[in-house]
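Remarks on the structure that follows.
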Amino acid sequence: MKKTLFTIAAAIFSTALSAQVLPSPQMKNTLWTGFGDSFAGDTVLYGITDTMQARFDKNNFVIEGMLNTSFLANYDYFGKLDNFVFGTSNQNALNLHYGRRADGNGRSSEDTNNYLNYDNSVNSQNTIQDSYYVNFLYHINDNFDVGIGTKLNWQVGPCPRYGAWLFEPGAHSRQGGFSTAYDDRAGVWAKTSSENVGSYKFYVDAPGSADVVGFVPFANKYAKRALGFRFKTSKKDKVGLEFGLAIPNGFNTDDPAVNAAARIAPCDWLAFSTVLEGAFDQKANFYSGATIGMKNFIIDAYIAADSLFSDLKDDEAYGAGASITFIIPSTDITLRPELGLNFFENNNYSTSFYTGCEFDLPITKEFSINMWGSFASGSKDKRWSDDPATDDWDGGKIFNFKPGIKFIYSSHTTFDVYVNLESRTAFDGTNRKCWSSGFFMTYVF
């Protein structure tokens, strides 16, 4: 049971955090189309996106890549379909669910008399990804790996999930969709075409800069867009030691920054992990996690601190949380509740939190039901109470519910259908409700 649960937990984290990187040699194609809108508006089509991935292993070499292309629907100021835009895309189902990005195509939000007059896309910036990735890995031997790429996604330890990448069945809000200034494209917050040293840094959003603020990105992925080196004592089980180093994109000799990670598993039911992202830099991000496997369930716990050693005032953010993954006895039903808390160095910013639960119900070997629900409460600026115009503001809150079904048609073909329902109450009391639905067809060659 313990080994089975560890396998399930590993699969969950692998899917959530390294979804773009294929686990074995294969070619995979995912076709997606979706639609949705606010509850008050007419249904709009998002478009069609196709994601092609491939991984080839040749002796000790691994070459892998992905290309994401779309026909995205573009709407005029009155909510009418104007045209379709073809090209590589880094938007996903969650991003389109909120509206138009400031620098991308999608639904317009400039007509204040139209139901599209709001734009929540700022809250999904942490789901924007590169439209492609390319990785090259060399296995020196059974214990040593060297890799360079745009999305290595080397990671140790558990952390809360906040949406799968690009157009995949898991691409919906985790942690309540909190806003941050962090952009996970290649592990940077800035545009990937103009990265500078220190571009891995996290900058805290102030309450009021978006409708709900509080998400903290955790640094357990120590090699993203980077040159990485890692050592593992074993690849067959969870017992052993892993140590990794990575030079992030943007490194320079005047202001060096190195990522370091370690994982130790003294037995098959216990593991500890730690990461320091941006070592030798004042704005380093720290992560520590632990996994404990019991008879009927697995407990994951983590703490994190961003901009940890900075001399600047009020620019640090902290996070802590835990989850439980277990199988209900005598069934194949999997349940995974989780809880996360975020704190800020600025004493004026209140604690934010989220809680969520995932439920998986296999009906047959081919058909299963999945449901995810979450509630989040954002951070409040306590100084708002000093002004009569803002004294009733709070941190805002988000409720999210996403049921879906999966049908395994064959060993090569899988279909997924989902509905995503969301209610947001912003810090100023404004409430917005929206929904989206989508269809995925995944084919493994």
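The values are calculated or read from the model by the stated rules, or taken from the named source; none is laboratory data. Since this is a predicted model, take the numbers as computed values, not measurements. Cβ placement follows ideal geometry from the backbone for every residue including glycine, while neighbour counts extend to all protein chains displayed. Calculation scope for accessible area: heavy atoms of the full protein, side chains included, ligands and nucleic acids excluded. Shrake-Rupley method; radii C 1.70, N 1.55, O 1.52, S 1.80 Å.
For the criterion of being surrounded by fewer than 16 Cβ atoms within 10 Å (Cβ to Cβ) and assigned to a loop (DSSP other than H, G, I, E, B), residue 365 passes. Restricting 442, 430 to residues that are buried (at least 18 other Cβ atoms within 10 Å of the Cβ) and out of contact with any Phe, Trp or Tyr (no Cβ under 7 Å at 6 or more places or on another chain) narrows the list to 442. Take the residues in segment 323-336 that are within 22 Å of the chain's Cα centre (by Cα) and open to solvent by less than 40 Å² (accessible area, probe 1.4 Å); name whichever of them is nearest to residue 267 (Cα to Cα). Across segment 323-336, the extreme among qualifying residues is 325. Of everything in segment 131-152 that is closer than 30 Å to residue 214 by Cβ and surrounded by fewer than 21 Cβ atoms within 10 Å (Cβ to Cβ), the residue that is modelled with the highest pLDDT is 150. Candidates are the residues of segment 380-422 that are among the hydroxyl-bearing types (Ser, Thr, Tyr) and under 24 Å from the mean Cα position of the chain (by Cα); the one that is least open to solvent (accessible area, probe 1.4 Å) is 418. Scanning segment 368-379 for residues that are open to solvent by less than 30 Å² (accessible area, probe 1.4 Å) and of a type in the set (Phe, Trp, Tyr) turns up just one, 372. Taken as a whole, the structure leaves residue 337 outside the set of residues that are outside any strand (DSSP E or B), over 21 Å from residue 95 (Cβ atoms), at pLDDT 90 or above and of a type outside the set (S, T, N, Q).
For segment 351-366, how many residues meet the condition of being within 21 Å of residue 410 (Cβ to Cβ) and aromatic (Phe, Trp, Tyr)? Matching residues across segment 351-366 total 0. Answer yes if at least one residue in segment 61-76 is open to solvent by less than 40 Å² (accessible area, probe 1.4 Å), at pLDDT 75 or above, β-branched (Val, Ile, Thr) and in contact with a helix residue (DSSP H, G or I) (Cβ under 9 Å, 6 or more places away or on another chain), and no otherwise. Looking for residues that are open to solvent by less than 40 Å² (accessible area, probe 1.4 Å), at pLDDT 75 or above, β-branched (Val, Ile, Thr) and in contact with a helix residue (DSSP H, G or I) (Cβ under 9 Å, 6 or more places away or on another chain), one finds none in segment 61-76, hence no. Before we move on, is residue 278 crowded, with 18+ Cβ neighbours inside 10 Å and modelled with pLDDT under 85? In short, yes. State whether the residues of segment 337-360 include one that is farther than 28 Å from residue 318 by Cα and either open to solvent by 60 Å² or more (accessible area, probe 1.4 Å) or small (Gly, Ala, Ser) (or both). Looking through segment 337-360, none of the residues is farther than 28 Å from residue 318 by Cα and either open to solvent by 60 Å² or more (accessible area, probe 1.4 Å) or small (Gly, Ala, Ser) (or both).
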